[in-house]
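Worksheet: one structure, shown below.
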Amino acid sequence: DGGITQSPKYLFRKEGQNVTLSCEQNLNHDAMYWYRQDPGQGLRLIYYSQIVNDFQKGDIAEGYSVSREKKESFPLTVTSAQKNPTAFYLCASSIVAGDYEQYFGPGTRLTVT
Amino acid sequence: AQKVTQAQTEISVVEKEDVTLDCVYETRDTTYYLFWYKQPPSGELVFLIRRNSFDEQNEISGRYSWNFQKSTSSFNFTITASQVVDSAVYFCALSGVGTDKLIFGTGTRLQVFP
């Protein structure tokens, strides 16, 4: 089955700890994206990557970091610098960046206390 | 600036009723794309439709239909004969051609009661 996997579904961390969220896709898509969703709000773009070894900041990149060493993987690290990290994180991919629909993974709900 | 407004925060209907979800957008681009996504309780966003700004024809897919009107900057989504499985949060989104950024509305939560 082709798709996007995110693990784990739920993640709990103590304040001050960095945490890495996994995102893997086997759709052979070039572009990958990370979004954050807060209750009652739409999705906001954190980072995106058009090709391997390249990525750009989105609207709310502060306190986050990413890497794109392989086409199928785009992990997101939530650092201790992110002031309000508790949220639902969604990873997406598209065939190429720009003019195509994005397909989403099941999401990771991160709770930091 | 680009913006998407979904003024309906929550809608409740009884099964078999028709329901329309409104989406109004703002953009200075002459060419752009509009999207609808469904987010069921599981959390994953499911792609429903992508529409190019040059194509104003209405589209129908089963019980789903979309009404795109450039004159009013609206891209409304109608579910005919709603079912309980339609219960979800629905997002409208906008992107410029050749850009990577999807601008999402705040979503409309649809609850369909049996």
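Computed from the coordinates by the stated procedures, all read-outs in this text should not be read as laboratory data. Everything quoted here is computed from the prediction, not taken from an experiment. We place every Cβ from the backbone using ideal geometry, glycine too, and count neighbours over all the protein chains shown.
Among B:ARG28, B:ARG50, which is surrounded by fewer than 18 Cβ atoms within 10 Å (Cβ to Cβ) and closer than 27 Å to A:PRO106 by Cα? That would be B:ARG50, the only listed residue that is surrounded by fewer than 18 Cβ atoms within 10 Å (Cβ to Cβ) and closer than 27 Å to A:PRO106 by Cα. Put simply, of B:PHE104, B:PHE113, B:PHE68 the only residue that is within 12 Å of B:TYR25 (Cβ to Cβ) and more than 14 Å from chain A (Cβ to nearest Cβ) is B:PHE68. For first residues located in region A:36-57 and on the phi > 0 side of the Ramachandran plot, partners that are among the β-branched types (Val, Ile, Thr) and loosely packed, with under 13 Cβ neighbours inside 10 Å and lie 6+ apart or on another chain with Cβ distances below 8 Å form the pairs A:GLY40/B:THR9.
Taking strands (runs of 3 or more DSSP E) as the structural unit, those lying wholly within region B:33-100 and holding at least 1 residues that are of a type in the set (Asp, Glu) correspond to B:59-61.
When restricted to residues that are touching a Lys or Arg at 6+ places or on another chain (Cβ under 8 Å), of a type in the set (S, T, N, Q) and under 30 Å from A:GLN50 (Cα atoms), region B:42-99 contains 2.
Give region B:28-86 a look and list any residue that's of a type in the set (Ser, Thr, Tyr) and more than 29 Å from A:CYS91 (Cβ to Cβ), or say none.
Within region B:28-86, B:THR30, B:SER65, B:SER71, B:THR72, B:SER73, B:SER74, B:THR78, B:THR80, B:SER82 meet the criteria.
Could we say that A:PRO106 is part of a loop (DSSP other than H, G, I, E, B) and more than 10 Å from chain B (Cβ to nearest Cβ) here? So A:PRO106 fails the test. When region B:25-58 is filtered for residues that are away from chain A (no Cβ under 14 Å) and of a type in the set (Val, Ile, Thr), the ones remaining, listed by number, are B:THR27, B:THR30. Counting the residues of region A:70-89 that are touching an Asp or Glu at 6+ places or on another chain (Cβ under 8 Å), closer than 24 Å to A:ASN53 by Cα and assigned to a strand (DSSP E or B) gives 1. Of all residues in region B:1-24, those satisfying the criterion of being within 15 Å of B:ALA93 (Cβ to Cβ), part of a strand (DSSP E or B) and within 11 Å of chain A (Cβ to nearest Cβ) are B:LYS3, B:VAL4, B:THR5. Please enumerate the residues belonging to region A:1-59 that are part of a strand (DSSP E or B), among the aliphatic types (A, V, I, L, M) and over 16 Å from A:GLY107 (Cβ atoms). Correct list: A:ALA31 only. Filtering A:SER22, A:SER80 for residues that are under 12 Å from the mean Cα position of the chain (by Cα), surrounded by fewer than 22 Cβ atoms within 10 Å (Cβ to Cβ) and away from chain B (no Cβ under 14 Å) leaves a single hit, A:SER22. Taking each residue of region B:83-100 that is within 14 Å of another protein chain (Cβ to nearest Cβ) and looking for partners that are of a type in the set (S, T, N, Q) with beta-carbon atoms closer than 6 Å, six or more apart or interchain, yields B:ALA88/B:GLN39; B:VAL89/B:GLN39; B:TYR90/B:THR108; B:CYS92/B:GLN6; B:LEU94/B:GLN2; B:VAL97/B:THR31. Considering each residue of region B:1-45, count those that are of a type outside the set (S, T, N, Q), under 27 Å from B:VAL84 (Cα atoms) and in contact (Cβ under 8 Å) with a residue 12 or more places away in the chain, and give that number. Number satisfying all stated conditions: 23. Taken over region B:3-18, the criterion of being more than 12 Å from the chain's Cα centre (by Cα) and surrounded by 16 or more Cβ atoms within 10 Å (Cβ to Cβ) is satisfied by B:ILE11, B:VAL13.
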